[in-house]
Ligand code: A2R
């Protein structure tokens, strides 16, 4: 399939594009060079690329940034999704579209007896979450008028290469800096009591590939590991992996209310056979090892 990927240079896009290629698809990646909010430019790109499927990753993906710059977030995430759906309807109306939404659209403030399934009411708490919930509404509306739209609600995912705006990457970067003697042993953290469900980015990419199959009904799907882990336990594991001890300081700027986001992915599993496979320990080790290398001082240059 000719698979157009928006946001192809981002964290997920960089893992998805080669994976599409190795699965025998033709990836057609676009990023900032085609502004997702430029309706005419985007429609022209869709007409030129003639995709059989579109995976829409382009977004401002940081919740923290959305709190300080909500207008930007609405423009890119909501109006960008609208431009994409309109462009596909006009130029590639038979293409399957995967809209990538987020588990942040839920607000579960205390542990629930079971992981959340797709029928859980949305209650988006941040501007980011609202843009993702609203984008999904547009997608479901477009599906009613004939587009082949799959809506994904992705739970947390991480891996080597992620920005340190995200929690695992942020902890891993700090722990690696302490380990390397580049930072004093003081960790800056947000709310350690929240519980999240972490996947490896490659597992998420596998789910997106599986959802391209037209035999899989167009629907709303969780991509989730169904295992809740307290953020404090993530931090403890990373300190153990690095062999460091540090004072933990709560940074009010990073602190958000406690939430519990653990997803039931049975619908995806039934439809595609998808299964997560990376143990959390391996995932944390990967992110930590990546920061040791990414932040390493440049090697000395000999004359
Ligand atoms: O903000 P940048 O310069 O990193 O570019 C991001 C790009 N992007 C845009 N592309 C076209 N037109 C725009 N106006 C525009 N604004 C941002 O989308 C970046 O290259 C890509 C998104 O990648 P990340 O921020 O690394 O997100 P990630 O982790 O790959 O997540 C993919 C999707 C997003 O929709 C998330 O909200 C969702 O999965 O969880």
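Scanning the range 132-142 for residues that are more than 16 Å from the ligand (Cβ to nearest atom) and surrounded by fewer than 19 Cβ atoms within 10 Å (Cβ to Cβ) yields 140, 141. One residue alone among 164, 193, 104 is under 26 Å from residue 205 (Cβ atoms) and either over 18 Å from the mean Cα position of the chain (by Cα) or part of a loop (DSSP other than H, G, I, E, B) (or both), and that residue is 164.
I'd like the residue in the range 9-29 that is part of a loop (DSSP other than H, G, I, E, B) and more than 15 Å from the chain's Cα centre (by Cα) and, out of all such residues, is farthest from the ligand (Cβ to nearest atom). Give the derivation first.
Restricting attention to the range 9-29, the residues satisfying the condition of being part of a loop (DSSP other than H, G, I, E, B) are 9-10, 23-25.
Now restrict to residues that are more than 15 Å from the chain's Cα centre (by Cα): 23-25.
Working: 23: 19, 24: 23, 25: 18 Å.
Per the stated criteria, the residue is 24.
Restricting the range 60-93 to residues that are free of Cβ contacts under 8 Å to residues at least 24 places away in the same chain and either in a strand (DSSP E or B) or more than 10 Å from the ligand (Cβ to nearest atom) (or both) leaves a set whose member that is surrounded by the fewest Cβ atoms within 10 Å (Cβ to Cβ) is 71.
Of the listed requirements (1) in contact with a strand residue (DSSP E or B) (Cβ under 6 Å, 6 or more places away or on another chain); (2) crowded, with 17+ Cβ neighbours inside 10 Å, residue 247 misses just one: (2). Pairs meeting the criteria (first residue in the range 99-113 and closer than 24 Å to residue 139 by Cα, second residue part of a loop (DSSP other than H, G, I, E, B) and away from the ligand (no atom under 14 Å from the Cβ), beta carbons under 7 Å, at least 6 apart or on different chains) are 105/122; 106/120; 106/122; 106/123; 107/123; 107/125; 107/259; 108/259. Of all the residues in the range 143-162, those that are farther than 30 Å from residue 295 by Cβ and either buried (at least 22 other Cβ atoms within 10 Å of the Cβ) or without any contact (Cβ under 8 Å) to a residue 60 or more places away in the chain (or both) number 8. Restricted to the range 199-296, the set of helices (runs of 4 or more DSSP H) holding at least 1 residues that are modelled with pLDDT of 95 or more and within 27 Å of residue 54 (Cβ to Cβ) comprises 201-210, 266-272.
The sole residue among 125, 50, 32 that is modelled with pLDDT of 95 or more and farther than 21 Å from residue 11 by Cβ is 50. The one condition from (1) surrounded by 15 or more Cβ atoms within 10 Å (Cβ to Cβ); (2) free of Cβ contacts under 8 Å to residues at least 60 places away in the same chain; (3) within 6 Å of the ligand (Cβ to nearest atom) that residue 32 does not meet is (1).
When 49, 42, 57 are screened for being near the ligand (Cβ under 9 Å from one of its atoms), more than 21 Å from the chain's Cα centre (by Cα) and either in contact (Cβ under 8 Å) with a residue 24 or more places away in the chain or surrounded by fewer than 16 Cβ atoms within 10 Å (Cβ to Cβ) (or both), only 42 passes.
The values are calculated or read from the model by the stated rules, or taken from the named source; none is laboratory data. All values derive from a computational prediction rather than experimental measurement. Every residue, glycine among them, receives a Cβ derived from its backbone with ideal geometry; neighbour counts consider all protein chains shown.
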